[in-house]
Amino acid sequence: QVQLVESGGGLVQAGGSLRLSCAASRNIFRGNAAGWYRQAPGKQRELVAIITSGGGTNYADSVKGRFTISRDNVKDTVYLQMNSLKPEDTAVYYCAALTMPMTYWGQGTQVTVSS
């Protein structure tokens, strides 16, 4: 059974930083793209950042220049470095392994940014 376990969420003041980690079982990230998504209360889940198996990245416009997605293929872990956090970044953050034909999801980690 595939498991993705996120960590690193918490409460931070506006302008602060957090680093999220997502550790995978069964080498699920190997050879696959991975992504971070978020869902704020009352809103749909949205894409934050994607990293391909080759290391190519893409970001939502709202986080460009502030967030960085990276991966460690040895540890089978994906990271999201979040800097200059804003209150509107408050959400539950989910990591995903984008395999074919399935997407595997973690359980989510809460990020709360206070003003």
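The values are calculated or read from the model by the stated rules, or taken from the named source; none is laboratory data. Keep in mind that this is a model prediction, so the values were computed, not measured. FYI the Cβ positions are ideal-geometry reconstructions off the backbone, even for glycines, and counts take in every protein chain you see. Ligands, DNA and RNA are excluded from the accessible area calculation, which covers all protein heavy atoms including side chains. Shrake-Rupley method; radii C 1.70, N 1.55, O 1.52, S 1.80 Å.
Listing for the model above:
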{"read-out": "Average accessible surface area per residue within the chain, 1.4 Å rolling probe, Å²", "value": "53 Å²"}
{"read-out": "Equivalent ellipsoid semi-axes, segment 52-115, via Cα gyration tensor eigenvalues times 5, rooted, Å", "value": "23, 15, 11"}
{"read-out": "Positive minus negative residues near VAL113 (Lys, Arg vs Asp, Glu; Cβ under 11 Å)", "value": "-1"}
{"read-out": "Gain upon complete extension [LEU47, GLU88; 0.36 nm per residue less C-alpha separation]", "value": "13.3 nm"}
{"read-out": "Top of GLY65, GLY55, GLY42 by mean-square fluctuation, Gaussian network on the chain, Cα under 10 Å", "value": "GLY42"}
{"read-out": "Net charge of neighbours whose Cβ lies under 10 Å from the Cβ of GLN39, counting Lys and Arg as +1 and Asp and Glu as -1", "value": "+2"}
{"read-out": "Sequence-distant aspartates and glutamates (8 or more away, or on other chains) whose Cα lies within less than 16 Å of LYS43", "value": "GLU88, ASP89"}
{"read-out": "Heavy-atom accessible surface of the chain: percent carbon and sulfur, 1.4 Å", "value": "48 percent"}
{"read-out": "Spin-label model distance (nm) - GLN13 vs SER70, 7 Å beyond Cα toward Cβ", "value": "2.6 nm"}
